[in-house]
Amino acid sequence: MSKVLEGIRVLDFGRYIAGPYCATLLADLGAEVIRIEKVSGSEDRFVSPVTEAGDGAMFLQLGRNKLGMTLNPMKAEGREIVKKLVATADVVVANLPPDTLTAMGLDYESLTKIKPDVVLTMISAFGRGGPYSNRVGFDGLGQAMSGNMYMSGTPDQPVKAYAPFIDFGTASLSAFGTLAALYERQKTGNGQVVEGALFNTALTMMNATAIEQHALNVNRKATLNRSQTSAPADTLKTMDGWVLVQTVGGPLFERWARLMGEEQWLDDPRFRDDISRGNHGEIISDRLAKWCAERTTEEVLHEMETARIPAGPILSPQDVLNDPHIAAKGLFHPIEFPGLPTAVPIMKTPVELSDTPGEIRHRAPTLGEHTESILHDLGYTDAEIAELRSQRVI
């Protein structure tokens with residue numbers, strides 16, 4: 001099967017999620033990705049450890065399809081190795097503050113002296129050009145500083161989403177930008193800088209809220225899981241669990257009123273359109289909560305599906321592993337990893353291409369697993385590699 005990015009080499013200097021997952025998506029599409037870690041292992045390798053060696057759940061997901069090497073680019077010998085690697089690369093991915101990139105010789109000016117047509121995909125918390133440029137930050141800062149946390153939870157308790165969606169969103173947008181840069185390079189022969197930022201992604205996701213505030217000065221406050229711009233849209237307790245019901249638009253509201261057997265809702269001016277229903281959403285949620293409380297989750301979901309109203313159960317992680325739709329589509333790819341008794345479920349490439357799909361070809365590397373073979377390819381001898389190891393350059 002043809003691989004979209006076959007023949008493309010990517011150097012992954014990323015850490016945690018945004019940079020590494022950008023490189024993961026490129027690897028899924030066929031690029032050769034070399035993951036470069038600290039000599040003792042980068043911090044993100046050990047997040048949520050699942051093996052005795054400390055390899056983490058996140059690294060098993062984001063390290064798939066990559067070759068792994070250890071390197072200290074802050075030492076002179078390490079900088080030389082970086083230069084040799086860059087000379088063979090098409091893309092360098094690094095989610096580090098701009099000043100750190102320069103210190104490591106990974107800034108665009110340094111890279112283009114070695115490989116003029118290289119694409120540098122740089123990802124940081126806030127991007128270049130503003131007063132926050134060199135601040136460090138994680139996903140949570142994007143959630144906090146974009147209005148997202150303010151509009152989640154309650155007015156008394158802002159809430160951060162458990163899933164690091166700003167990180168994964170930034171990674172996906174950065175992969176999109178990298179593909180665009182590679183396409184442009186095919187036409188012109190020129191590389192360029194692709195710049196992603198957690199703050200940019202977060203502001204993109206909350207942009208409509210900022211637009212509404214600017215235009216109408218509505219000063220919204222958080223209402224937990226209840227939507228403020230349509231209804232019914234809320235989480236509701238059933239006899240044996242929880243469900244999410246979510247509607248937008250008049251036709252869905254009409255279906256809901258008929259399901260309740262109460263078409264008088266349709267003639268009430270308080271519920272004439274989405275924004276009106278959102279403004280009075282607590283009334284609608286209260287009615288639906290009483291209806292759900294009298295039924296099991298299965299009964300609620302069956303009646304909602306019969307009425308073609310979007311609804312779903314609130315699943316635990318174990319429920320997710322048992323979900324029949326995930327199993328039927330084969331969304332989790334079982335991958336064995338040293339130190340684990342059974343294969344672990346790795347989510348496949350989330351975008352499905354009909355002719356050239358992404359695929360998981362092999363597991364994440366153990367620490368420094370491919371260091372020697374990569375250095376041999378660069379021309380280093382066994383004796384030179386041993387000396388580099390003794391100096392903890394690798």
Point to revise | From the options 99, 55, 12, 107, residue that is surrounded by fewer than 24 Cβ atoms within 10 Å (Cβ to Cβ) and touching a helix residue (DSSP H, G or I) at 6+ places or on another chain (Cβ under 9 Å) | key: 107
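Output yes when any residue across region 86-93 is surrounded by fewer than 17 Cβ atoms within 10 Å (Cβ to Cβ), touching a helix residue (DSSP H, G or I) at 6+ places or on another chain (Cβ under 9 Å), modelled with pLDDT of 95 or more and at negative phi, and no when none is.
Filtering region 86-93 for residues surrounded by fewer than 17 Cβ atoms within 10 Å (Cβ to Cβ) gives 87-88.
Cutting the leftovers down to touching a helix residue (DSSP H, G or I) at 6+ places or on another chain (Cβ under 9 Å) gives us 87-88.
So of that shortlist, the ones also modelled with pLDDT of 95 or more come out as 87-88.
Next, from what is left, pick out any that are at negative phi: 87-88.
There is at least one residue in region 86-93 that is surrounded by fewer than 17 Cβ atoms within 10 Å (Cβ to Cβ), touching a helix residue (DSSP H, G or I) at 6+ places or on another chain (Cβ under 9 Å), modelled with pLDDT of 95 or more and at negative phi.
Please find, among 340, 315, 331, the residue that is more than 30 Å from residue 261 (Cβ to Cβ), under 22 Å from the mean Cα position of the chain (by Cα) and modelled with pLDDT of 95 or more.
On the way: 340 fails: under 22 Å from the mean Cα position of the chain (by Cα); 315 fails: more than 30 Å from residue 261 (Cβ to Cβ).
So the residue among 340, 315, 331 that is more than 30 Å from residue 261 (Cβ to Cβ), under 22 Å from the mean Cα position of the chain (by Cα) and modelled with pLDDT of 95 or more is 331.
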Study note, to complete from the structure: Here the residues within region 223-257 that are surrounded by 16 or more Cβ atoms within 10 Å (Cβ to Cβ), among the hydrophobic types (A, V, I, L, M, F, W, C) and over 17 Å from residue 299 (Cα atoms) are 231, 233, 248, 252, 253, 257
Check your understanding: For region 345-394, which residues satisfy the criterion of being over 22 Å from residue 34 (Cα atoms), under 22 Å from the mean Cα position of the chain (by Cα) and not in a loop (DSSP other than H, G, I, E, B)?
Key -> 345
Study note, to complete from the structure: The lone condition residue 187 fails out of (1) crowded, with 16+ Cβ neighbours inside 10 Å; (2) under 30 Å from residue 175 (Cβ atoms) is (1)
Point to revise | Residues (within 24 Å of the chain's Cα centre (by Cα) and of a type in the set (Lys, Arg)) located in region 111-145 | key: 128, 135
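Residues that are over 30 Å from residue 349 (Cβ atoms) and without any contact (Cβ under 8 Å) to a residue 12 or more places away in the chain, at least 2 per element: which helices (runs of 4 or more DSSP H) completely within region 175-261 meet that?
On the way: elements: 198-205, 207-216, 250-260.
Output list reads 207-216, 250-260.
Evaluate the following for residue 65: is it crowded, with 24+ Cβ neighbours inside 10 Å, more than 26 Å from residue 380 (Cα to Cα) and either of a type in the set (S, T, N, Q) or without any contact (Cβ under 8 Å) to a residue 24 or more places away in the chain (or both)? Can you show your working first?
Values: crowded, with 24+ Cβ neighbours inside 10 Å: yes; more than 26 Å from residue 380 (Cα to Cα): no; either of a type in the set (S, T, N, Q) or without any contact (Cβ under 8 Å) to a residue 24 or more places away in the chain (or both): yes.
No: the conditions fail for residue 65.
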Review point. Of all the residues that make up region 141-154, how many are farther than 14 Å from residue 219 by Cα, in contact (Cβ under 8 Å) with a residue 60 or more places away in the chain and crowded, with 18+ Cβ neighbours inside 10 Å?
Key: 2
Check your understanding: Among the residues of region 73-110, which ones are free of Cβ contacts under 8 Å to residues at least 60 places away in the same chain, closer than 24 Å to residue 182 by Cα and charged (D, E, K, R)?
Key -> 83, 107, 109
Point to revise | Residue among 23, 27 that alone is in contact with an Asp or Glu (Cβ under 7 Å, 6 or more places away or on another chain), assigned to a helix (DSSP H, G or I) and either surrounded by 24 or more Cβ atoms within 10 Å (Cβ to Cβ) or touching a residue at least 12 places away in the same chain (Cβ under 8 Å) (or both) | key: 23
Review point. Which condition does residue 81 not pass, out of (1) surrounded by 21 or more Cβ atoms within 10 Å (Cβ to Cβ); (2) part of a loop (DSSP other than H, G, I, E, B), if it passes all the others?
Key: (2)
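Among the residues that make up region 155-169, is at least one of them among the small types (Gly, Ala, Ser), in contact with a Lys or Arg (Cβ under 8 Å, 6 or more places away or on another chain) and surrounded by 19 or more Cβ atoms within 10 Å (Cβ to Cβ)?
First pass over region 155-169, keeping only residues among the small types (Gly, Ala, Ser): 161, 163, 169.
Subsequent filtering for residues that are in contact with a Lys or Arg (Cβ under 8 Å, 6 or more places away or on another chain) retains none.
Within region 155-169 (the criterion being among the small types (Gly, Ala, Ser), in contact with a Lys or Arg (Cβ under 8 Å, 6 or more places away or on another chain) and surrounded by 19 or more Cβ atoms within 10 Å (Cβ to Cβ)), the answer is no, since none of the residues qualifies.
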Review point. For region 337-383, what are the residues that are surrounded by 14 or more Cβ atoms within 10 Å (Cβ to Cβ) and acidic (Asp, Glu)?
Key: 359, 369, 372
Check your understanding: Out of all the residues in region 309-322, which are surrounded by 11 or more Cβ atoms within 10 Å (Cβ to Cβ) and not in a helix (DSSP H, G or I)?
Key -> 309, 310, 311, 312, 313, 314, 315
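For region 29-50, what are the residues that are at positive phi and under 18 Å from the mean Cα position of the chain (by Cα)? Lay out the reasoning, then the answer.
Of region 29-50, the ones at positive phi are 30, 41, 48.
Within region 29-50, just 48 meets the criteria.
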Check your understanding: Restricting attention to region 272-297, which residues are of a type in the set (D, E, K, R), touching a residue at least 40 places away in the same chain (Cβ under 8 Å) and more than 14 Å from residue 226 (Cα to Cα)?
Key -> 294, 295
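For region 258-299, which residues satisfy the criterion of being polar (S, T, N, Q) and either crowded, with 16+ Cβ neighbours inside 10 Å or under 35 Å from the mean Cα position of the chain (by Cα) (or both)? Don't jump to the end; show me each part of the working.
First pass over region 258-299, keeping only residues polar (S, T, N, Q): 264, 276, 279, 285, 296-297.
If the condition is that a residue be polar (S, T, N, Q) and either crowded, with 16+ Cβ neighbours inside 10 Å or under 35 Å from the mean Cα position of the chain (by Cα) (or both), then 276, 279, 285, 296, 297 are the ones that fit.
The values are calculated or read from the model by the stated rules, or taken from the named source; none is laboratory data. Not measured: the values here are computed from a predicted model. Note: ideal-geometry Cβ built from the backbone for every residue, glycine included; neighbour counts use all protein chains shown.
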